[in-house]
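The values are calculated or read from the model by the stated rules, or taken from the named source; none is laboratory data. Model, not experiment: these values are computed from the prediction. Cβ atoms come from the backbone with ideal geometry, glycine included; neighbour counts cover every protein chain shown. For the accessible areas, the whole protein counts, side chains as well, though only heavy atoms, and no ligand, DNA or RNA atoms are used. Shrake-Rupley method; radii C 1.70, N 1.55, O 1.52, S 1.80 Å.
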Amino acid sequence: MQAGVSLVSIATLTYDTLRFAEFEDFPETSEPVWILGKKYSVLTEKDAILADVTSRLWFTYRKNFPAIGGTGPTSDTGWGCMLRCGQMIFAQALVCRHLGRDWRWTQRKRQPDSYSSVLQAFLDRKDSCYSIHQIAQMGVGEGKSIGQWYGPNTVAQVLKKLAVFDTWSALAVHVAMDNTVVMADIRRLCRSGLPCAGAEAFPADSERHCNGFPAGAEDGGSAVPWRPLVLLIPLRLGLADVNAAYAGTLKHCFRMPQSLGVIGGKPNSAHYFIGYIGDELIYLDPHTTQPAVATADRCPVPDESFHCQHPPGRMSIAELDPSIAVGFFCKTEDDFNDWCQQVRKLSLLGGALPMFELVEQQPSHLACPDVLNLSLDSSDAERLERFFDSEDEDFEILSL
């Protein structure tokens with residue numbers, strides 16, 4: 001390595017460099033490509049694959065955005081990759097919620113108003129619900145200082161708390177801990193009303209963009225029998241490396257129609273995984289620094305830099321860091337019941353080791369407190385750190 005060249009500059013590409021670089025295309029193979037529950041053939045559907053990938057919202061490092069907290073960082077280069085991956089997996093949930101899984105983005109084509117509302121929720125400004133500003137500042141309550149690297153569990157918990165303010169989407173966000181998904185807890189959560197506790201913690205100057213969306217974007221106040229579910233499952237699939245026995249189960253998660261993908265990556269280098277081909281995972285990479293997008297009132301957001309317009313990255317499952325979080329979206333109760341049935345069938349497959357347990361009721365041996373009723377009080381920081389932090393040495397290890 002030449003003297004004077006920083007690790008950050010090597011690991012971080014500019015947008016112009018990325019746009020004109022050479023990217024490895026998909027291999028010519030008869031093996032199917034799975035992208036978030038959709039099956040494709042490389043030989044006959046390459047354009048459809050790339051259209052699907054391009055339609056995912058792509059959040060990368062940005063520079064020159066308003067200072068976080070007024071005096072903090074104006075760029076997240078070098079520390080915000082997991083935060084950006086959290087944005088991507090949650091943006092996919094909002095896309096499924098408001099636009100549907102089959103929606104496709106086309107360059108310079110007018111999109112539905114709901115697309116603009118979803119995108120605005122993630123812009124780099126303090127009054128956007130899921131902005132880097134909100135995630136970084138909410139993370140302080142999780143024991144993470146602004147500018148500190150997050151693990152998958154931490155970002156999942158922060159996004160859960162921020163979703164409370166998103167009354168437009170009215171999501172029920174459940175983070176399943178201890179490698180256990182409790183069906184009764186999820187049904188109770190999804191059938192409950194929209195939580196409003198802690199709303200006073202949202203910035204006081206956000207009236208015009210309530211919940212990060214333009215005023216008036218909220219749905220009517222009528223009650224619904226089932227709130228759309230975002231299920232995030234933090235897992236550790238080994239010690240230093242992923243246990244190969246989990247590979248089949250992990251790949252099967254991308255085949256489920258409810259799939260939101262996986263956040264994880266290599267040590268201290270996060271990616272958003274959206275599918276697989278053979279034994280390679282397909283991912284969107286946030287490690288590209290782009291200028292912050294300037295927005296004007298009542299003007300469309302310039303959105304081309306929020307969509308990855310080149311073949312996505314690929315890496316072997318064996319290279320994956322064992323600390324991950326798997327995501328699923330169930331818009332209806334039928335979707336959730338179907339997901340549960342698929343998980344049960346998966347447990348019957350020979351040679352594949354289940355990554356988590358699906359149970360009807362909370363097992364008595366679990367000491368974890370009821371995560372459905374966490375308040376937004378920062379006094380929960382020590383408890384959250386103990387139970388939710390992926391870097392915690394006490395995190396339960398899944399093994400053969």
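Can you pull out every residue in region 205-248 that is among the polar types (S, T, N, Q) and either out of contact with any Leu (no Cβ under 6 Å at 6 or more places or on another chain) or at pLDDT 95 or above (or both)? Matches in region 205-248: 206, 211, 222.
Selection of region 102-127 for residues being of a type in the set (Ser, Thr, Tyr), in contact (Cβ under 8 Å) with a residue 60 or more places away in the chain and open to solvent by 30 Å² or more (accessible area, probe 1.4 Å) yields only 116. Here are some residues: 109, 126. Which one is over 23 Å from residue 326 (Cβ atoms), of a type in the set (Lys, Arg) and touching a His at 6+ places or on another chain (Cβ under 7 Å)? Of the residues listed, the single one that is over 23 Å from residue 326 (Cβ atoms), of a type in the set (Lys, Arg) and touching a His at 6+ places or on another chain (Cβ under 7 Å) is 126. Apart from one condition, residue 341 fits all of (1) open to solvent by less than 70 Å² (accessible area, probe 1.4 Å); (2) over 20 Å from the mean Cα position of the chain (by Cα); (3) modelled with pLDDT of 95 or more; the exception is (1).
Answer yes or no as to whether residue 159 is among the hydrophobic types (A, V, I, L, M, F, W, C) and part of a loop (DSSP other than H, G, I, E, B). So residue 159 fails the test. Among residues of region 337-349 that are more than 15 Å from residue 184 (Cα to Cα), those with a beta-carbon under 6 Å from a residue that is part of a helix (DSSP H, G or I) at least six positions away or on a different chain give the pairs 346/252.
Taking the numbered list (1) farther than 26 Å from residue 46 by Cβ; (2) in contact (Cβ under 8 Å) with a residue 12 or more places away in the chain in turn, residue 294 passes all entries but (2). Of the residues making up region 286-320, those that are out of contact with any Ser or Thr (no Cβ under 8 Å at 6 or more places or on another chain), part of a loop (DSSP other than H, G, I, E, B) and crowded, with 19+ Cβ neighbours inside 10 Å number 2. Inside region 270-285, residues that are part of a loop (DSSP other than H, G, I, E, B) and either of a type outside the set (Asp, Glu) or open to solvent by less than 10 Å² (accessible area, probe 1.4 Å) (or both) make up a count of 1.
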